[in-house]
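Structure record follows, encoded as structure tokens.
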Amino acid sequence: MVSRHWCDEAGLLTGRPRSLLSLPGPELNALQEELQPFGLVILGFPCNQFGKQEPGENSEILPSLKHVRPGGGYVPNFQLFEKGDVNGENEQKVYTFLKNSCPPTTELLGSPKRLFWEPMKIHDIRWNFEKFLVGPDGKPIMRWYHRTTVSNVKMDILAYLREQAALAVEEK
């Protein structure tokens, strides 16, 4: 059994604690490529509520990834959605659902000087990009702290997949 915050319920939303423009793109692309045969789908949701780190327009995000950070012609092999709020009065409904399905990763919310939403709640996303694992049935399973590395996320996903495979064998 994996020792992390597990919810009762399962696509993958993943990212890093920095702006979308500074994501370790090759790591995320590699994760998507390696685990896609097992049903993994990575989804990216840019947000500007944390230190105003994603100030550009939606039309600027992909060109910035390709030419600035990480640059070098990088193109994500996973879907990026339009920029939106993950906390506060205008938060996207998917985040209301995810946050209410899995416990927060820490009790600390962060410095209000760098957080741009109201009202602030205990289940709020703490920083760009907190991660969630969502199962094929659409039920959230796990939530990761924003500083969790892609390699640790991968280990947890693999543990979850092994656990699900073992349960499937038991049911037969």
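One table, with the values for the structure above:
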{"item": "Counted residues, the range 24-50 - those being farther than 15 Å from Lys83 by Cα, surrounded by 14 or more Cβ atoms within 10 Å (Cβ to Cβ) and modelled with pLDDT under 90", "result": "4"}
{"item": "Complete set of residues in the range 117-135 that are farther than 18 Å from Glu91 by Cα and in contact with a Gly (Cβ under 6 Å, 6 or more places away or on another chain)", "result": "Val134"}
{"item": "Number of positions in the range 144-172 that are acidic (Asp, Glu) and farther than 26 Å from His123 by Cβ", "result": "2"}
{"item": "Some residue of the range 111-129 being among the aromatic types (Phe, Trp, Tyr) and in a strand (DSSP E or B)", "result": "no"}
{"item": "Top-ranked residue of the range 110-134 - restricted to ones that are of a type outside the set (A, V, I, L, M, F, W, C) and under 23 Å from Gly25 (Cα atoms), ranked as modelled with the lowest pLDDT", "result": "Asn128"}
{"item": "Selection count where residues are part of a strand (DSSP E or B) and either surrounded by fewer than 20 Cβ atoms within 10 Å (Cβ to Cβ) or polar (S, T, N, Q) (or both), scope the range 130-156", "result": "0"}
{"item": "Subset of the range 57-102 that is in a loop (DSSP other than H, G, I, E, B) and of a type in the set (S, T, N, Q) - its residue that is farthest from Val134 (Cα to Cα)", "result": "Asn90"}
{"item": "Near pairs, Cβ below 6 angstrom, 6+ apart or cross-chain, from the range 145-172 (over 22 Å from Glu34 (Cα atoms)) to any residue that is modelled with pLDDT under 90 and hydroxyl-bearing (Ser, Thr, Tyr)", "result": "Tyr145/Thr105"}
{"item": "Boolean, Val86 is buried (at least 17 other Cβ atoms within 10 Å of the Cβ), in contact with a Pro (Cβ under 9 Å, 6 or more places away or on another chain), closer than 18 Å to Phe45 by Cβ and at pLDDT 90 or above", "result": "no"}
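For every residue, the table says whether it meets (1) closer than 19 Å to Met142 by Cα; (2) of a type outside the set (S, T, N, Q); (3) surrounded by 13 or more Cβ atoms within 10 Å (Cβ to Cβ).
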{"site": "Lys52", "(1), (2), (3)": "no, yes, no"}
{"site": "Ser59", "(1), (2), (3)": "no, no, no"}
{"site": "Tyr74", "(1), (2), (3)": "no, yes, yes"}
{"site": "Gln79", "(1), (2), (3)": "no, no, no"}
{"site": "Asn100", "(1), (2), (3)": "yes, no, no"}
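The values are calculated or read from the model by the stated rules, or taken from the named source; none is laboratory data. These numbers were taken from a predicted model, which means no experiment stands behind them. Don't worry about glycine lacking a Cβ; one is built from the backbone with ideal geometry, like all the others, and counts go over all protein chains shown.
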